[in-house]
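Before any comments, here is the structure.
The values are calculated or read from the model by the stated rules, or taken from the named source; none is laboratory data. Treat the numbers as computed from the prediction; the structure is a model and nothing was measured. No Cβ is skipped: glycine too gets one built from the backbone with ideal geometry, and neighbour counts run over all protein chains shown. These area figures cover heavy atoms from the full protein model, side chains too; ligands, DNA and RNA do not enter into them. Shrake-Rupley method; radii C 1.70, N 1.55, O 1.52, S 1.80 Å.
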Amino acid sequence: MVWICNPNNLTGTMVSHSELEYFLRLPPPHVLVVVDEAYSDYVTHNDYPGEHRLLKNYPNLVLLRTFSKIYGLASMRIGYGIGHPDVIRTINQVREPFNTSRFAQAAALASLEDQAFVERCHMHNQIGITQLRSEFDYMGLSYFEAHGNFILVDVQRPSKAMFDEILKRGVIIRGGGHALGFPTHIRVTVGNVEQNNKFLRSLREVMLMLPSYEE
């Protein structure tokens, strides 16, 4: 099995349609290519893959979607997969029974009817990304292009120390850390304007406290 997060978590980067289609020609038919599209509803890029079109030509492709992100149903732990009937039939034989609740299923179906909510979330996410990127640019910080609802930014300081100090100010972030290959990066989820401002104030304070690797 090959697992592709698109957009990727932790970086927020995106695999384009042409890149994915090229890759799908490479593995043998018995190797599943699973594309995790948990953050796909936030993407605005025109070259984001339309993987459902690829399913006809690549029966070893499986797509995963969730209601935990833009639909706001994280606590209900519900999502779905799309794939070739033979693949889905095999997965069904080994999945746990009652792996979703009737309440979660009802909520998921209802959420699909409320696309106005999804559009508002999408719009506010773009506003938040613009706000954070603008401030990062002003502070001279580099960051990955954000295709989800979070940004991975290089704060030029140990991510663990940044996490600890920002947490003391009531804001939870995620540190890149050595294990993930981003020892000076932090990942921040996009909030509303007020929440973003609180994070940015905390970030400025902590960066003044902690010396950078360049100093």
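Side notes on the structure shown:
- Using only the C-alpha atoms, the convex hull of the chain corresponds to 157 Å³ per residue.
- Anisotropy class of the stretch 46-128 from Cα gyration tensor, a/c 1.5 cut: oblate
- Two-decimal ratio, the stretch 122-170, of alpha-carbon radius of gyration to 2.2 N^0.38 Å: 1.24
- Most mobile of Gln105, Gln131, Gln156 in a GNM of the chain (Cα contacts under 10 Å): Gln105
- Percent carbon-and-sulfur accessible area, the stretch 127-215, ignoring ligands, DNA and RNA, probe 1.4 Å: 54 percent
- Separation of the His30 and His45 label points, Cα + 7 Å toward Cβ, nm: 3.4 nm
- Solvent-accessible area, 1.4 Å probe, carbon plus sulfur percent, for the stretch 1-53: 54 percent
- For the stretch 96-193, the C-alpha radius of gyration divided by 2.2 N^0.38 Å, with N the number of residues, is 1.38.
- Taking 12 Å as the cut-off, the amide N atoms of the stretch 35-50 that come nearer than this to a point 7 Å along the Cα-to-beta-carbon line of Ile91 belong to 35-37.
- The stretch 25-101 and the stretch 143-206: distance between their alpha carbon centers, rounded to Å: 29 Å
- Virtual spin-label span in nm between Asn197 and Ile127, 7 Å along Cα→Cβ: 1.3 nm
- Bins of 5 Å from zero: percent of alpha-carbon pairs in the stretch 85-144: 4, 13, 11, 10, 12, 10, 12, 12, 9, 6, 2
- Accessible surface, the chain, averaged per residue in Å² (probe 1.4 Å): 58 Å²
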